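Structure, as C-alpha cells:
The values are calculated or read from the model by the stated rules, or taken from the named source; none is laboratory data. These numbers were taken from a predicted model, which means no experiment stands behind them. Note that we place each Cβ from the backbone using ideal geometry, even for glycine, and neighbour counts take in every protein chain shown. When the accessible area is computed, the model is the full protein with side chains, heavy atoms only, and any ligands, DNA or RNA have been set aside. Shrake-Rupley method; radii C 1.70, N 1.55, O 1.52, S 1.80 Å.
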Amino acid sequence: MSDMNLYKIQNVSKGIKLPNEELTILKDISFEVQKGESMAIVGASGSGKTTLLHLMGGLDVPSKGRVEFKGLDIMAMDEGQRALFRNKYIGFVFQFHHLLPEFNVLENVAMPLLIRGVKKKYAFNKAKEAIELVGVGGREFQMVPTLSGGERQLVAIARALVTGPEVILADEPTGNLDYTNAMRVGNIFNQLNIELNIAVVMVTHNMELASTLKRTLKLRDGKLI
Ligand SMILES: Nc1ncnc2c1ncn2[C@@H]1O[C@H](COP(=O)(O)OP(=O)(O)OP(=O)(O)O)[C@@H](O)[C@H]1O
Ligand SMILES: [Mg+2]
C-alpha cells in the first residue's frame, strides 16, 4: 500500500439479522480513498450510503470484508480503541447538526478537544480558529438555538475540523438547507479539502455539489455501480 492511501475498503458486506430473514444492506464493496481526496457518495434512498459512511467512521463494523484506515484494521479494534480512532482521525458532519443546545458556539466547537482532555485555553483558541475558518467568526457566544440552519451546519463543520482530522465524513450535510446555504456549506468542504488537504467523503443528493468533488461513488441496492 502506498503512503498516499487513506482508506482501503475490501469486499465489504453488511447484513442485518431480522427475526425471519437476513437483510443484506451492502454487498461486496471495494474501493480506496487517497489522502487529501474528495469524494461524493450518491444513490437512491435506502441504497446503503449512511451504512457505508458509518463503517468508514468506525461507528459500525462490516459483516464481511475489511475496512482499513492507514493500514489499521478497524475491525480489529475494541470499542474503546475505535472511539480513540474516531477522535484522532475523523470529523463527522450529519444532516442534523447534533450540536448541544445548552452550550454556545465556542463550547460546542471546543467539545471534541475537551473530550481529549487538552487544556481549556488551548481548546478554546483552536475552536475560535475553526469558527473563523468556516466563516462564522463573531458568533462564538451565540447559543445554538438562535443560529440559522446554514450557520448551524457551518458550526458543525468547525466542530468536525477542530481536532485536525485526516478525513471529514459528511452525511447529507446540506440536506436541510436552501440552495444558497447548501452551496456555501459545500464551498467550505472544498476549501478544507484544497487548503488543508483534509480528505472529504460526502453523502449527498445534490448533484451540483457532488460534481464539485473530485470523485463520485454510486450505490444501488447496496452495490457499487
Ligand atoms: N439496523 C437496521 N435494521 C434494519 N434495516 C436497516 C438497519 N439499518 C439500515 N437498514 C436498512 O438498510 C438500507 C440502507 O440504509 P441506509 O440508511 O444506509 O440508506 P441511505 O442510502 O443512507 O438512505 P437515505 O438516502 O434515505 O438516507 C435501508 O433499507 C434501511 O432500512
Ligand atoms: Mg442516509
Residue 108 passes all but one of (1) assigned to a loop (DSSP other than H, G, I, E, B); (2) at pLDDT 95 or above; which number fails? (1)
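Being open to solvent by 20 Å² or more (accessible area, probe 1.4 Å) and either within 20 Å of the chain's Cα centre (by Cα) or under 21 Å from residue 213 (Cβ atoms) (or both) is the requirement here; does residue 50 meet it?
Working: open to solvent by 20 Å² or more (accessible area, probe 1.4 Å): yes; either within 20 Å of the chain's Cα centre (by Cα) or under 21 Å from residue 213 (Cβ atoms) (or both): yes.
Taking the combined requirement at face value, the residue satisfies it.
Residues are listed down the side, and each one gets a yes or a no for (1) in contact (Cβ under 8 Å) with a residue 24 or more places away in the chain; (2) open to solvent by less than 40 Å² (accessible area, probe 1.4 Å); (3) within 25 Å of residue 36 (Cα to Cα); (4) among the polar types (S, T, N, Q):
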residue	(1), (2), (3), (4)
88	yes, no, yes, no
105	yes, yes, no, no
112	yes, yes, yes, no
117	no, no, no, no
121	no, no, no, no
128	no, no, yes, no
131	yes, yes, yes, no
134	yes, yes, yes, no
143	yes, no, no, no
Failed item in (1) open to solvent by 10 Å² or more (accessible area, probe 1.4 Å); (2) within 16 Å of ligand 2 (Cβ to nearest atom); (3) over 24 Å from residue 77 (Cβ atoms); (4) in contact (Cβ under 8 Å) with a residue 40 or more places away in the chain, with residue 14 passing the rest: (3)
Taking the range 177-211 as the region of interest, how many residues are under 16 Å from the mean Cα position of the chain (by Cα), polar (S, T, N, Q) and open to solvent by 20 Å² or more (accessible area, probe 1.4 Å)? 4
Determine whether the range 212-224 contains at least one residue that is within 16 Å of ligand 2 (Cβ to nearest atom), more than 16 Å from the chain's Cα centre (by Cα) and open to solvent by less than 10 Å² (accessible area, probe 1.4 Å). yes
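Can you name the residue in the range 59-76 that is surrounded by 21 or more Cβ atoms within 10 Å (Cβ to Cβ) and away from ligand 1 (no atom under 16 Å from the Cβ) and, of all such residues, is farthest from residue 208 (Cα to Cα)?
Start the filter on the range 59-76 by keeping residues that are surrounded by 21 or more Cβ atoms within 10 Å (Cβ to Cβ), which leaves 62, 67, 69, 74.
Then keep just the ones that are away from ligand 1 (no atom under 16 Å from the Cβ); that gives 69, 74.
Numbers: 69: 29, 74: 32 Å.
That would be 74.
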Please go through (1) β-branched (Val, Ile, Thr); (2) more than 16 Å from ligand 1 (Cβ to nearest atom); (3) outside any loop (DSSP other than H, G, I, E, B) for residue 216 and return the number of the only condition it doesn't satisfy. (2)
Just to be sure I understand, how many residues within the range 15-47 are closer than 22 Å to residue 71 by Cβ and of a type in the set (Lys, Arg)? 1
For the range 47-60, state whether one or more residues are in contact with a helix residue (DSSP H, G or I) (Cβ under 6 Å, 6 or more places away or on another chain), within 20 Å of residue 199 (Cβ to Cβ), part of a loop (DSSP other than H, G, I, E, B) and more than 16 Å from ligand 2 (Cβ to nearest atom). yes
Regarding residue 33, is this residue open to solvent by less than 70 Å² (accessible area, probe 1.4 Å), within 13 Å of residue 7 (Cβ to Cβ), of a type in the set (A, V, I, L, M) and in a strand (DSSP E or B)? yes
